[in-house]
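The values are calculated or read from the model by the stated rules, or taken from the named source; none is laboratory data. In this text the structure is predicted, and so the values were computed from the model without any measurement. Cβ atoms come from the backbone with ideal geometry, glycine included; neighbour counts cover every protein chain shown. Only protein heavy atoms, including side chains, enter the accessible area calculation; ligands, DNA and RNA are left aside. Shrake-Rupley method; radii C 1.70, N 1.55, O 1.52, S 1.80 Å.
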Amino acid sequence: MTTKLWLIACAGFLLSGLSACQTEVYDTSTAFVCQTTADCAPGYECKPSPQTNNRVCRPVGASSADVGGDVEEDVEADAAPQCEDGTRPTTYFRDADEDGWGTTDNSTLACDRPQGFTPDGGDCNDAAAWINPDAEETCNGFDDDCDGSVDASADFAGCPSVQWTKLPGILDSIDMTHDANGELYMTASFTGRVELGDVVVERQASNTVIARMGDDGSVQWVQPVISVENQGVSRIAVNDDYVVVGIDVDAAVTVDETEVPLGDPEQWGQEVVLLVLSKTDGQLVSYRRLWAYTDFEVKDLAFDSEGDLWAVVNPDLQFGGYAAGETLEINDDGLVLLEFGLAADGTIEDGSAWLRRIDAQKMLNGVHLSLAGTKGFAVANLGFDESLVFDFHTTGAARGPGHAEQNVEGVLLERIAVDQAGDLRLCGTLVAATTLDGITYAPEGISDVVLAQIDVDGATLLPPSLRHFKNPLDEACKEYVLRDSGAELILADVTGPGDETLTFASATAHLQESRGNALLINPGQTGASWVYNLTASFYMYPESLVWLPDGRVVAAAGFTGALPFADETTDNTVGSFVVGIDAP
């Protein structure tokens with residue numbers, strides 16, 4: 001039996017409608033701590049507690065064994081005063097989030113309801129108004145209805161669940177992909193200490209780590225790329241035999257005890273190195289250096305259906321290294337589309353390069369590739385309020401840039417995929433009012449999610465149709481994945497200005513103030529929609545997402561604070577995580 005003592009604090013005048021004294025309830029195991037009897041209310045004395053190292057107030061004459069044990073039940077009735085109307089005072093619970101339910105950790109006795117308190121207790125999260133015993137359980141990683149279970153109730157099923165979590169250290173610019181067998185491949189930059197499986201690497205400069213992982217999170221191999229200078233963004237692609245990683249480098253790098261030298265810095269200013277690794281053990285097979293006069297990086301990498309490697313880079317002035325003795329004059333802002341053959345022994349053969357000029361007045365932002373059959377498509381952000389979608393051919397005499405393109409104003413399309421019909425699916429952010437096919441779309445949040453479909457009619461990209469979700473997101477589409485079935489999955493970066501409820505089709509997500517949120521969103525194009533919230537206690541930086549053939553989802557992000565879903569304690573931690581999730 002848990003016995004409660006009434007601690008009576010007399011003030012010499014009426015308080016909160018009590019006849020003589022203000023009272024509070026204390027469990028005997030956490031009774032009022034005192035130094036001397038003068039600290040206690042009349043009728044109580046300060047004595048040692050057998051349950052703690054403290055001295056606590058207990059009824060005069062009670063034995064030490066009674067404190068925290070079976071104090072006579074009449075104490076509560078005898079000690080409790082009456083209100084002016086003759087009734088006994090009511091227990092009220094602190095209701096900080098004003099949802100009508102209070103926390104039992106903070107209660108008070110009063111004849112009249114104090115401001116900020118409620119007679120209904122049982123709120124398991126008094127900082128979120130959407131969490132209380134009367135709430136409906138939703139698929140969001142929280143115990144919405146305070147029944148002690150997360151994302152589980154008699155009326156709710158089919159929610160994603162975390163299966164494993166890896167905390168490798170502080171990673172940045174994480175890029176992941178997978179092969180047909182569901183094996184996961186990852187590249188990322190790191191500074192300081194990184195730990196994956198049995199491999200631990202520590203560097204002061206920003207270096208790169210490449211790894212292969214099983215669908216259960218087991219680490220198969222790790223290959224560090226080491227240099228004395230900082231390395232930039234890296235991108236990864238995989239075929240049946242090899243892993244290719246493109247890295248922005250400022251100095252020679254060492255991979256698998258092999259030094260990859262840097263070119264003549266007086267001839268050019270910046271390089272990208274393409275590394276070919278064995279899928280089996282991560283050993284270096286070959287490499288190729290690309291160079292330009294100014295900073296540039298690999299924006300994206302992909303293999304086509306015939307096993308050729310495609311890349312898009314953003315050099316300036318002059319670009320070389322893609323073929324012996326050849327250079328490409330840029331002299332303007334633009335993208336360079338690259339194609340390389342990959343020999344059976346893993347050697348990168350001489351390739352081809354095509355310049356796709358971009359208006360010099362437009363700042364080039366995100367770029368993403370998607371290849372299907374004999375066609376490829378790219379999307380790029382121009383400035384802060386416009387997107388460009390264009391095509392290219394991967395085979396035959398027409399290999400290289402095509403003639404189909406589409407400018408979309410008011411929308412930043414960030415990710416692109418090709419569906420089974422050969423049409424385009426894109427995910428992005430609505431940043432300004434735009435009219436498409438007679439329909440005007442206007443943003444209502446900080447960044448509203450837009451899912452676009454562009455039909456491909458021969459050499460023509462038809463105007464897009466949109467699905468618009470009005471929500472205050474920071475970066476609506478950090479990643480977008482499309483399955484053959486037509487199912488879609490979005491990884492969004494969300495920091496709510498306060499307690500927010502977001503709606504995607506029939507699914508809802510809840511955000512808490514001062515928390516980082518990485519939302520996995522299935523908008524329900526096929527099947528039921530759902531939202532799963534990977535939350536951190538302070539900040540969240542979503543990086544990459546893959547959807548494995550068996551339906552499992554793997555997401556990666558940086559974070560600060562605590563991760564409620566992690567296998568390990570992460571309080572006050574700055575780091576990164578890779579998490580495996582079973583999706584419905």
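Amide H contacts for Phe142 (H built 1.01 Å from N in the peptide plane; partners 5 or more residues away or on another chain; cut-off under 5 Å): Asp151. In terms of the mean number of neighbouring beta-carbon atoms within 10 Å, the peptides 315-323, 426-434 order highest first as 426-434, 315-323.
Given their separation in residues at 0.36 nm each and the Cα-Cα distance between them, Glu568 and Glu98 gain 165.9 nm when the chain is fully extended.
Hey, for a label at Ala180 modelled as a point 7 Å past Cα toward Cβ, could you say which residues of the range 215-247 have their backbone N under 12 Å away? Correct set: 239-241. Applying the criteria of a DSSP loop state and at most 14 other Cβ atoms within 10 Å to the GluC sites (Glu not before Pro) of the range 258-352 yields Glu266, Glu306, Glu326, Glu349. Taking the 1.4 Å solvent-accessible surface of the range 320-469 as the whole, the part contributed by carbon and sulfur is 47%.
Extension gain for Gln204-Phe538 works out to 117.7 nm (0.36 nm per residue, less the C-alpha to C-alpha distance).
Ligands, DNA and RNA excluded, the heavy atoms of Thr435 present near 90 Å² of accessible surface to a 1.4 Å solvent probe. Modelled this way, with points 7 Å down the Cα-to-C-beta line, the labels at Thr36 and Arg399 are 9.4 nm from one another.
Ordered from largest to smallest accessible area (heavy atoms of protein chains, 1.4 Å probe), the residues Ser161, Ser173 come out as Ser161, Ser173. Ranking Leu462, Leu337 from most to least accessible surface, computed with a 1.4 Å probe over the protein chains only, gives Leu462, Leu337. Heavy-atom accessible surface of the range 303-368, averaged per residue, reaches 42 Å², computed with a 1.4 Å probe.
Tell me, what is the FRET efficiency for Val228 and Asp582 to the nearest 0.05, using R0 = 51 angstrom and their Cβ-Cβ distance as r?
0.75
Per atom type, the range 197-307 shows carbon and sulfur on 37% of its accessible surface, probed at 1.4 Å. Each of Thr294 and Glu84 was given a label point 7 Å from its Cα along the Cα-to-Cβ line. The distance between the two points is 7.9 nm.
In the context of the full set of protein chains, residues of the range 409-477 present 41 Å² of accessible surface per residue (probe radius 1.4 Å, heavy atoms only).
Ordering Leu451, Leu482 by how much accessible area each has at a 1.4 Å probe, largest first, what is the list?
Leu482, Leu451
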